[in-house]
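The values are calculated or read from the model by the stated rules, or taken from the named source; none is laboratory data. If you're wondering where the values come from, they're calculated on a predicted model, not measured in any experiment. Heads up, the Cβs are rebuilt from the backbone with ideal geometry, glycines too, and the neighbour counts pull from every protein chain shown. Note: areas computed on protein heavy atoms with side chains; ligands, DNA, RNA excluded. Shrake-Rupley method; radii C 1.70, N 1.55, O 1.52, S 1.80 Å.
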Amino acid sequence: MVLVRQEIGDVLRDFRLQKGRTLRQVAGRASVALGYLSEVERGQKEASSEILASVAEALDVPISQIMREVSDRLALLEGVTIPDTIPAEFVANYDSALAGAR
C-alpha cells in the first residue's frame, strides 16, 4: 500500500538536501519541533497543511511544487501516466467559458 505521508516525507527530505540545509535549520525556520519534522520526513507522522506550508516556506519552495513532486511519485508507484500538458478538450471548454464571461 502506498502511503502519502511517506512520499511527502521523502519529497521534503529531498528538497531539504537539495538546498543543503540541515533538519535543524529547516525546523527552526519553520517553527516546527526538530523531532516532529524528523518524523514527518521519515513518514511516521502526517503533517497538517499548516505545517507543510511552513516547511515549504522554510525551504523556499512553493507548496505546489512539493505537492506536484508527491503527485508524480505517487503516479509512478501506481503505474499511472499523468500528462504534462492540458488536454485539448479542457482548453476548448476553458476558452468557451472565458468567452461567455466577457
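Yes/no per residue for (1) under 17 Å from residue 69 (Cα atoms); (2) more than 15 Å from the chain's Cα centre (by Cα):
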{"position": "13", "(1), (2)": "yes, no"}
{"position": "29", "(1), (2)": "no, yes"}
{"position": "33", "(1), (2)": "no, yes"}
{"position": "45", "(1), (2)": "no, yes"}
{"position": "50", "(1), (2)": "no, no"}
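When region 24-42 is examined, which residues are found to be under 17 Å from residue 6 (Cα atoms), among the small types (Gly, Ala, Ser) and free of Cβ contacts under 8 Å to residues at least 12 places away in the same chain? Lay out the reasoning, then the answer.
Residues of region 24-42 under 17 Å from residue 6 (Cα atoms): 35-42.
Adding the requirement that they be among the small types (Gly, Ala, Ser) leaves 35, 38.
If the condition is that a residue be under 17 Å from residue 6 (Cα atoms), among the small types (Gly, Ala, Ser) and free of Cβ contacts under 8 Å to residues at least 12 places away in the same chain, then 35 is the only one that fits.
Can you run down the residue pairs with Cβ atoms below 6 Å, 6 or more apart or on separate chains, where the first is in region 71-88 and open to solvent by 100 Å² or more (accessible area, probe 1.4 Å) and the partner is modelled with pLDDT of 75 or more and not aromatic (Phe, Trp, Tyr)?
77/2
Within region 6-37, count every residue that is part of a helix (DSSP H, G or I), open to solvent by 30 Å² or more (accessible area, probe 1.4 Å) and not aromatic (Phe, Trp, Tyr).
Step one: filter region 6-37 for residues part of a helix (DSSP H, G or I), giving 6-18, 23-30, 34-37.
Imposing the further condition that a residue be open to solvent by 30 Å² or more (accessible area, probe 1.4 Å) reduces the set to 6, 10, 13-14, 17-18, 23-25, 28-29, 34-36.
The next check asks that each one be not aromatic (Phe, Trp, Tyr); those that pass are 6, 10, 13-14, 17-18, 23-25, 28-29, 34-35.
The number of residues fulfilling the criteria is 13.
Suppose we filter region 43-66 for residues that are within 20 Å of residue 3 (Cα to Cα), part of a loop (DSSP other than H, G, I, E, B) and open to solvent by 40 Å² or more (accessible area, probe 1.4 Å); how many remain?
4
With modelled with pLDDT of 95 or more, assigned to a helix (DSSP H, G or I), under 23 Å from residue 18 (Cβ atoms) and under 12 Å from the mean Cα position of the chain (by Cα) as the only criterion, which of 70, 40 stands out?
None of the others qualify; the one that does is 70.
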